[in-house]
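Written out below as structure tokens is the structure these notes cover.
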Amino acid sequence: MTTEITEQNSKNSFIRTRILPGLILIAIGLLILLLFGMDTQPGQQATFGMNVMRSQAIQIPDLTLPVQPAIYGLIVVTVFMGAWQVARGVRSTGVLIGVVAFCFVVAFLIWATREKSFNLVGMLSSSLVRATPIALAALCGVISERAAVVNIAIEGIMLITAETGVIAGTLSHNLYVGLLAALLSGALIAGIHAVLVIKYKVDQIVSGVAINIFGAGITSFISSRFLEKNVDMLNNSGTFPVIPIPLMAKIPILGPIFFENNLIVYLTILLVIGLHVLLFYTPWGLRTRAVGEHPRAADTLGIDVFMMRYVNVIIGGAIAGLGGAYFTLGSVGRFDEIMTAGKGFIGLAAMIFGKWNPFGAFTSSLIFGFADSLQVKMQILKVPIPSQILGMAPYLVTMIVLAGLVGRALPPAADGTPYEKQ
Amino acid sequence: MKSKAVKTEATQKPVLQEAQPEQGKRSIWKQAGQGLLIPALAVFTGLVFGAIIIVITDPHLLSAYKNFFSDPLTALASPFVAVFNAYGSLFLGSFGNPVTLVEGIRAYFATGESTLLLKAIYPFTESLTTATPYIFAGLAVALGFRCGLFNIGAEGQFFIGALCSAFVGYAFQMPWYIHLPLALLAGALGGAIWGAIPGYLKAVTGAHEVVNTIMMNWIAFRLSDWLLTGPMKASGYRPVTPVIQDSAFLPRLFPDPLRFNIGFFLALAVAVLVWWFLFKTTLGFEIRAVGTNPDAARYAGMSIVRNFVLVMVLSGALAGLAGASQVLGVDHWVGQGFSAGYGFDSIALALLGKSHPLGVVVAALLFGFLRGGATRMQSMAGIPIDIISVIQGFVIIFVAAPAFIRAIYRLRAARAEETVLTRGWGK
């Protein structure tokens, strides 16, 4: 009897892990056909602009695709992947999901652009730009949670640092002073979170939520009290200029996307690399991860668990400060109430999606940035979906990602629990 | 008193003891006092910190201190004047002017004219009206906390519930005894569905409800933006729903402009219902067990998945009722930004009230009075309404870090263990 049951179980799990995903993929292929393929006429063309205006890059001709063949080609790829999954099973689910998602999105773009033209490189470039605050929030989360301190307060910290940065920048007529002020205020607020959580052992999520409430309140308060009446004196800092990198900016497609941005975007990319090296290739990073996985073992080896956590959270706060500075000094040059619009939380989702790694977090931030930038472009293209529904895209993507991946993504083992010396 | 305490302990199931020491010896009043002390001090300290922020950001104060040497008395007095103005107008906005009240009573008994009396009790009733959605929303979050779930989605559930009940309110013609309950039910159902989605995702995939509920909030805002400028828009330019039918109104107790309606008593009744559910039913016991120790609960045979989904559904329903009560009783239509502030406020409420329905009601009344007065404070003393969020942030911190309060006020350490509220990501 027992063997029958186990066979039944393994057959069920076989169905669930292999056949079902394959069938879902085939269904997605059919969905592409229904939604996008059916709505096209033969002979339609979609033009994708490959150049950005005012760019140093070498201009290349636009890419023109015939709509129906392209969409049907993508459907074939999707169905093929689904069938392969059913028949043989694909080893890496990530690759499978990635390819199918790519096909779906590209089919959508081609369908939306039929008979029109659409600046693809411009959209990719703005994806990176929009991904920057999300990536910085995610990096702040990574470094904090690697040391086992959950930092939900990123949203509040970014609001406070955005305001501090713009006020300091306007008062001093110097963007770098504003940036420094943002970094320091971010470190300060994160330090408060650290003290509450490490010394007073406040529940980490409660402390984070409280700082968010406080941050939203105090920034709106100061904005109403001072910024609205004294715009030129306090709320008009200007923004960091775009700095093209001399030779690399000339590369077509890649040049405008990666090498023609402002200081904060470049710092973000450098931070991703730097944090990765720091966490995985230095003794300090090893100690941090030890503190996050098994603080008691780290403690017995002589590592100061509390100090490591303080340092990590404060550095994370500075990174969040950079993120906040992006909203004002790097983007519009003034502070508006609640201008972060949930980016801090999307950053946390990116961190989980990226499995608490800097590069993973950056990649997932790019995906969210893409979703964000896509919905704006869709409005320009007058896609027959209301703009507000399109505006849900980043949040829906976050939820889908979390639902699909959290089960397989393990946080640092001691995440969320305060450490008690014995 | 003592025998009552012993009796309730004896009827508790032996499987799970709540983490509290022997309480039979201390009277119920002393227990209540001890439990009330930290939150009360937290609120007081929060108000003090708020006062400090008001003072240091006061423009008159800054100019008074510029002339410190020419006019020292004004400079020294100005902080107190600023705080007095601020909290004075807060009091007037929350409770009303005692002088006006006396005059109103006198006028009523003299001439039978009630307008002055109504004007005098307006601030007080308005505070109670403001407290009503807070009671519902606070109960929603508190119920979540009892199960170890952090429902930050109360704001989204509030809005969706409001939209659902508004729709039933304006789209149908029915006698009031069907229309009103149906509208309330629609609100509860809307909120319940909105809460069920993150609950289901957490139960099945382990995705943390904090991020999911926040995402649902933003999706709700976008959805409502679309609905209010599209399908649900009343004729005209403003992005608002049509006014609901009279038969769906929650009856008001006083003539216009007083907005006090039976929604307040409905909220109190629901609070009693939630208390009964949590502490007097098996299901409520299961929920509390899962919140206190999920592993032990699973060992005892309770389904964690079912309880998570159930609690998120109920929590969403309560938050939806909050929105419904606001639409049906107060505004009678829904516009953009309808749910602003209720989400995070309700978290503060649940924390202050220690997730107990009675505590939540008291905390909600406090917040209702604070918010009721804050609009007056903004118009009279010119202090932006956001200071209330600042004070709330402080209060949450002080309640969540009682060690801080104890350090400031040199109190003895508490005997009872603090409740565990949440557990990391996806566990």
Which one of A:316, A:344 is touching an Asp or Glu at 6+ places or on another chain (Cβ under 6 Å) and part of a helix (DSSP H, G or I)? A:344
Using the structure shown, decide if residue A:192 is assigned to a loop (DSSP other than H, G, I, E, B) and touching a helix residue (DSSP H, G or I) at 6+ places or on another chain (Cβ under 8 Å). no
Against the condition facing another protein chain (nearest Cβ under 8 Å) and on the phi < 0 side of the Ramachandran plot, how does residue A:402 come out, does it pass? yes
Candidates A:422, A:379, filtered to the one that is part of a helix (DSSP H, G or I), surrounded by fewer than 21 Cβ atoms within 10 Å (Cβ to Cβ) and at pLDDT below 90: A:379
Which one is farthest from the other protein chains (Cβ to nearest Cβ), of the residues in the range A:233-245 that are on the phi < 0 side of the Ramachandran plot and in contact (Cβ under 8 Å) with a residue 60 or more places away in the chain? A:244
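Could you tell me whether the range A:229-241 includes any residue that is basic (Lys, Arg), assigned to a helix (DSSP H, G or I) and either buried (at least 21 other Cβ atoms within 10 Å of the Cβ) or in the same structural domain as residue A:343 (by TED's automatic domain parsing) (or both)?
No - not one qualifying residue is present in the range A:229-241.
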Residues of the range A:52-70 being loosely packed, with under 13 Cβ neighbours inside 10 Å and either charged (D, E, K, R) or assigned to a helix (DSSP H, G or I) (or both), which ones? A:54, A:69
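In the range B:206-232, how many are of a type outside the set (A, V, I, L, M, F, W, C), within 17 Å of residue A:348 (Cα to Cα) and assigned to a helix (DSSP H, G or I)?
4
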For residue A:328, are the conditions met, namely being within 10 Å of chain B (Cβ to nearest Cβ), in a helix (DSSP H, G or I) and either closer than 27 Å to residue A:214 by Cα or in contact with a helix residue (DSSP H, G or I) (Cβ under 7 Å, 6 or more places away or on another chain) (or both)? no
Determine whether the range B:235-242 contains at least one residue that is touching a Lys or Arg at 6+ places or on another chain (Cβ under 8 Å), within 23 Å of residue B:306 (Cβ to Cβ) and either modelled with pLDDT of 85 or more or not β-branched (Val, Ile, Thr) (or both). no
Near pairs, Cβ below 6 angstrom, 6+ apart or cross-chain, from the range A:174-201 (free of Cβ contacts under 8 Å to residues at least 12 places away in the same chain) to any residue that is not in a helix (DSSP H, G or I): A:196/A:202; A:196/B:401; A:200/B:401
Name the single residue, out of those in the range B:344-389 being within 14 Å of another protein chain (Cβ to nearest Cβ), within 11 Å of the chain's Cα centre (by Cα) and aliphatic (A, V, I, L, M), that is farthest from residue B:260 (Cα to Cα). B:351
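Considering each of B:258, B:250, B:189 in turn, give the residue that is surrounded by fewer than 24 Cβ atoms within 10 Å (Cβ to Cβ), assigned by TED's automatic domain parsing to the domain that holds residue B:169, assigned to a helix (DSSP H, G or I) and within 26 Å of the chain's Cα centre (by Cα).
After ruling out the rest, the residue left standing is B:189.
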Pairs with Cβ under 6 Å, 6+ apart, first in the range B:57-71 and surrounded by 17 or more Cβ atoms within 10 Å (Cβ to Cβ), second of a type outside the set (Ser, Thr, Tyr) and at pLDDT 75 or above: B:57/A:225; B:58/B:82; B:61/B:82
Do we find a residue being charged (D, E, K, R) and under 16 Å from residue B:152 (Cα atoms) anywhere in the range B:368-389? no
Filtered residues of the range A:71-116 (kept if crowded, with 20+ Cβ neighbours inside 10 Å, within 14 Å of residue A:36 (Cα to Cα) and small (Gly, Ala, Ser)): A:107
What residue, among those in the range A:133-176 that are polar (S, T, N, Q) and not in a helix (DSSP H, G or I), is farthest from the other protein chains (Cβ to nearest Cβ)? A:174
Looking at B:289, B:324 in this structure, which one is closer than 22 Å to residue B:155 by Cα and in contact with a helix residue (DSSP H, G or I) (Cβ under 6 Å, 6 or more places away or on another chain)? B:324
Residues that are over 30 Å from residue B:190 (Cβ atoms): which helices (runs of 4 or more DSSP H) entirely in the range B:324-418 hold 2 or more of them? B:357-380, B:387-400, B:402-409
State which residue pairs qualify: first residue within 9 Å of residue B:222 (Cβ to Cβ) and facing another protein chain (nearest Cβ under 9 Å) and inside the range A:383-397, second residue surrounded by fewer than 21 Cβ atoms within 10 Å (Cβ to Cβ) and among the hydroxyl-bearing types (Ser, Thr, Tyr) in any location, beta carbons under 9 Å apart, and separation of 6 or more residues or different chains. A:388/B:229
Evaluation of residue A:181 against (1) crowded, with 20+ Cβ neighbours inside 10 Å; (2) farther than 30 Å from residue A:236 by Cα (one fails), failing number: (2)
Given (1) facing chain B (nearest Cβ under 9 Å); (2) at negative phi, number of the condition residue A:180 does not satisfy: (1)
Mind listing whichever residues of the range B:207-232 are under 15 Å from residue B:316 (Cα atoms), at the interface with chain A (Cβ under 7 Å from one of its Cβ atoms) and at pLDDT below 80? B:210
Residue B:264 is checked against (1) over 30 Å from residue B:117 (Cα atoms); (2) part of a helix (DSSP H, G or I) and fails just one. What number does that condition carry? (1)
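The values are calculated or read from the model by the stated rules, or taken from the named source; none is laboratory data. Keep in mind that this is a model prediction, so the values were computed, not measured. Cβ atoms come from the backbone with ideal geometry, glycine included; neighbour counts cover every protein chain shown.
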